[in-house]
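Participant: Following this message is one structure expressed as structure tokens.
Read-outs throughout are calculated quantities, based only on the coordinates presented, and are distinct from any laboratory measurement. All figures in this text were calculated on a predicted structure; none of them were measured in a lab. For neighbour counting, all protein chains shown are included, and Cβ atoms are generated from backbone atoms with ideal geometry for every residue, glycine included.
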Amino acid sequence: MNEFTAPSIDWSALSPVLVSLGGAVVVLLVSLFLPVRIRRGFGAVVASVCFLAAGAAAIALFAADETGRGIVADALRRDRLAELAEIFVMGAGLLTVGVSFRERGGGDRAGEYYALLLTAASGMAFFVSASNLMTLFLGLEWFSICLYVLTAIAVERLSGLEAGLKYLIVGSFGSAVLLFGSALVYGATGAIGFEQIAAGTDDAERLFVVAGLAMILVGLAFKASAAPFHMWTPDVYEGAPTPITGFMSAATKVAALVVTLRVLVTVFPSEAELWTVALAVIVCISLAWGNLAALVQTNVKRMLAYSSISHAGFLLMAIAAGNALGGRALLYYLIAYSAVSVGSFAVVAIRERELAGPVTLASLAGFGWERPFLGTSMALFMFGFIGLPPAGIFLGKFYVFSAVIDRGWTWLAIVGVVATVVSVYYYAGVIRAMFMQRRELAVVAAGGSPPTDRALVAAVAVAVVVTIGSFVAADPLLEIARDAVALLPFPEG
Amino acid sequence: MLGPGIAAYLILSVVLFATGAFGVLIRRSPLIILLALELMLNAGNLALIAFSRQLGNGDGQIFALTVMVVAAAEAVLGLGLIVAVSRKRVELDVDKLTTLSG
Amino acid sequence: MQGVLLAALDDWFPFLVYALFAAAIPGSMLLFSFALSTRRKERAPRAQRMPFESGVSTGPPKLQRFTVSFYLTAMLFIVFDIEIVFLYPVAVVLDVVGPFALAEFGFFIAILAIAYVYVWKRGALEWR
């Protein structure tokens, strides 16, 4: 047997994963020994500290390395793309802690709640730095399993359990498809490392490579909730606790799309012609389906779920462009999109707590006047989703469209513009419901008006700042996004 | 190498995968669906191990071991959720899980 | 003749030891559960121990349901049990990897121990 040398492990490069995972262990174990009453506070404090520390570690790593390097025997890759995605995920996690601080019930499960949130974020940080097919699958399942549990964590609500079970079944289906695709690619090229696969695809059995690529793409599309692999999204978004819905819509999308970009660009450069067209098809279906279904929703969470499907379309459009401009547009879009998502679900969460029931367009009546700050913020978020200034998504969409036009697919940009115009109707519907709808049915706050939730308001305020800030400070952010994708070998140059 | 060639293993794994996928799509009992999901994951495992044997490198085998653990975690979570749902209602039929109407 | 026999024994000796263990473990389990049983009386037929209720059977209900504790324990068993698969690759290359594998495994077992402490303190191992 050949001589074995232990892989050298660069602990500092792993720090965003390790900090959040370590925090999860601390929260999980210590809260068992604490009285129920202070578990939530303890979990929230530790989780915030860990998210801040992990985010700071990712920022430090981003600043430090320009070239990117493989770590842990090349199973993972440290580069600016991974680090930027980690910063987004940790930021979304931090905001989610604020949003969920006053969530009703489940005090004795607060430790598990925050531990799972931290573990999910840690799994996403692992996933975005995956550099072979095994770590890809492992990372995917790592954060997915945490999200399945988080969806169903309110075990006294049947809707939560149902959503968790549905998410588990559909999510595992997607993972299994991705796994089989990975097996085919491994069989064709004899390697599981991304770079080795890319090097080996030329003399590989093309049938296996193409089938594997298709199945991996489908598996990732399930996670990104792109149509036609989106069917779990509305149910899960509706059934999950609202802060978790916000986290899923922001962080899961970041992780899934960044990994889709990385896998397609680094593993399958030889099949670029194929996957750009496949993505364009998925984009069109997502935009059409997401927007049309959102038009008829009255439940706000379901409406936002369909809106997230249509945004998956816009985000994948950036990848379909297959050029560096698209990669930059994707990351820039994700900044604004994450902030708007978390913020809008936070506003839904507080309305839900007031009513102790689902938030519909009708039950939003008068919300804008009752809580001017949150109402105005929600209006800003809706403008943001549409893609109007002063929200960063405006420029995000602009860059996405220019990326596909750059590639020569003007028709795809036109599809995007049409979808945007359609989406004005349902986003404006929310604003209209909050500010212009007469209160025909008396909406009574359950158990009196809840106390002012400073943590949630702070989270919404941060989301507002990021939403507007991404528009105002577009140049430096685009510079950062450019650095992040600088090392990827885009097929279109 | 003794035994049937790679093609036989691959065909078997594709058949298993298809069986599992159809099972997930057409069966109604969540328990059977979980079984079908396990079948899909293990079809992937079989393909990985067969390729690993043919290529003579161990990556596929390690991958398969990891998948086994992940699959077990998933199965346990699924069973836990099914038990939790069935404690709330007796009849188990995914088509009747419609508190969230789609 | 004897040489052949000895050679065969040499080949099969590990298997013989293995077979002995395989027989001894379940055998001793059965034996001890009888030998150490403290409730011997209950081995009398069930009918003799039951009060006569005018012909109304007090037998078990037709559709017996398992308690949730059963499922819980079974599920925990699966999760902890399957982790053993990570021992296999280590066992194959232990002579080459040696101390590194031991350290890694200590780390892995420590993670499992965290899960165990959690499960224990949460009361999931108590039979209700």
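Participant: Just want the ordering: A:Asp406, A:Asp475, A:Asp235, from fewest to most Cβ atoms lying within 10 Å of their own Cβ.
Facilitator: Working: A:Asp406 19, A:Asp475 9, A:Asp235 24.
Going from least to most buried by this count: A:Asp475, A:Asp406, A:Asp235.
Participant: I would also like to ask the following. May I ask you to derive the relative contact order of region A:14-485, considering only C-alpha pairs under 8 Å and at least 6 residues apart, and to give it as an integer percent? Spell out each step's value before the answer.
Facilitator: Details: 826 pairs, mean separation 69.5, N = 472.
The value is 15 percent.
Participant: Here's something else I'd like to know. Taking every Cα atom in region A:332-474, find the radius of gyration and the maximum pairwise distance Dmax, and write them in Å.
Facilitator: For region A:332-474, the Cα radius of gyration and maximum Cα-Cα distance read 16.8, 58 Å.
Participant: Also, quick follow-up: Quick one: dipole size for chain A, taken about the Cα centre, charges +1 on Lys/Arg Cβ and -1 on Asp/Glu Cβ, in debye to the nearest 20. Could you put the intermediate results ahead of the total?
Facilitator: On the way: 29 positive and 32 negative charges, 340 e Å.
Roughly 1640 debye, rounded to the nearest 20.
Participant: Further question: Just to be sure I understand the model, the point goes 7 Å from the Cα along the line to the Cβ. What's the resulting C:Val117 to A:Val465 distance in nm?
Facilitator: Between C:Val117 and A:Val465, the label points sit 3.7 nm apart.
Participant: Do you know the relative contact order of region A:215-323, to the nearest whole percent, from alpha carbon pairs under 8 angstrom that are 6+ apart?
Facilitator: Relative contact order comes out at 37 percent.
Participant: If I model a spin label as a point 7 Å beyond the Cα along the Cα-Cβ vector, how far apart are those points for A:Arg482 and B:Leu35 in nm?
Facilitator: The modelled label-to-label distance comes out at 5.9 nm.
Participant: Applying 1/(1 + (r/R0)^6) with R0 = 45 Å to the Cβ-Cβ distance of C:Leu20 and A:Asp74, what FRET efficiency is obtained, to the nearest 0.05?
Facilitator: Working: r = 46 Å, r/R0 = 1.03.
E(calc), rounded to 0.05, equals 0.45.
Participant: Going by how many other beta carbons lie within 10 Å of each one, how would you line up A:Ser363, A:Ser338, C:Ser69, fewest first?
Facilitator: Ranked by crowding around the Cβ, least crowded first: C:Ser69, A:Ser363, A:Ser338.
Participant: Here is a follow-up. What percent does the relative contact order of region B:6-89 come to when contacts are Cα pairs within less than 8 Å and at least six residues apart?
Facilitator: Over region B:6-89, the number comes to 28 percent.
Participant: For B:Lys88, give me every one of the aspartates and glutamates with a C-alpha distance below 12 angstrom, ignoring sequence neighbours fewer than eight places off in its own chain.
Facilitator: Within reach: A:Glu156, A:Glu162.
Participant: I'd like the FRET efficiency for B:Leu55 and C:Trp127, computed as 1/(1 + (r/R0)^6) with the beta carbon distance as r and R0 of 60 Å, rounded to 0.05. Display every interim value, and only then the final one.
Facilitator: Details: r = 49 Å, r/R0 = 0.81.
So, using R0 = 60 Å, E works out to roughly 0.80.
Participant: Filter the cross-link list A:Lys223/A:Lys397; A:Lys166/A:Lys397; A:Lys301/A:Lys397; A:Lys223/C:Lys121 down to pairs whose alpha-carbon distance in this structure exceeds 25 Å. The partial results should precede the final answer.
Facilitator: Working: A:Lys223/A:Lys397 22 Å; A:Lys166/A:Lys397 32 Å; A:Lys301/A:Lys397 23 Å; A:Lys223/C:Lys121 34 Å.
Beyond 25 Å: A:Lys166/A:Lys397; A:Lys223/C:Lys121.
Participant: Additional query: Ignoring everything except DSSP H segments at least 4 long, calculate the 222 nm mean residue ellipticity for the protein assembly as shown; use -39,500 (n - 2.57) per segment, divide by total residues, nearest 500.
Facilitator: -24000 deg cm²/dmol
Participant: For region A:176-258, run through the GluC sites (Glu not before Pro) and keep only the ones in DSSP coil with at most 16 other Cβ atoms within 10 Å of their Cβ. Mind showing how you got there, number by number?
Facilitator: Working: sites: A:Glu195, A:Glu205, A:Glu238; in loops: A:Glu205.
Loop-located and lightly packed - A:Glu205.
Participant: Next up: Using alpha carbon centroids, what distance separates region A:7-57 and region A:359-387, in Å?
Facilitator: Computed from Cα coordinates, the inter-centre distance equals 33 Å.
Participant: Mind checking region A:74-144 for trypsin sites (Lys or Arg not before Pro) that DSSP puts in a loop (not H, G, I, E or B) and that have at most 16 other Cβ atoms within 10 Å?
Facilitator: Values: sites: A:Arg77, A:Arg78, A:Arg80, A:Arg102, A:Arg104, A:Arg109; in loops: A:Arg102, A:Arg104.
The qualifying sites are A:Arg104.
Participant: Report the gain in length on full extension from A:Glu156 to A:Ala64: 0.36 nm times residue separation, minus Cα-Cα distance, nm rounded to one decimal. Write down the numbers at each step before the final one.
Facilitator: Values: separation 92, 0.36 × 92 = 33.12 nm, distance 4.69 nm.
Taking A:Glu156 through A:Ala64 to full extension adds about 28.4 nm, to one decimal.
Participant: Could you tell me which GluC sites (Glu not before Pro) in region A:77-175 are loop residues by DSSP with no more than 16 other beta carbons within 10 angstrom of their beta carbon?
Facilitator: Numbers: sites: A:Glu83, A:Glu86, A:Glu103, A:Glu112, A:Glu141, A:Glu156, A:Glu162; in loops: A:Glu103, A:Glu156.
Passing both the DSSP loop test and the Cβ count: A:Glu156.
Participant: What share of Cα pairs, in percent, lie more than 43 angstrom apart in chain A?
Facilitator: Here the tail beyond 43 Å accounts for 11 percent of pairs.
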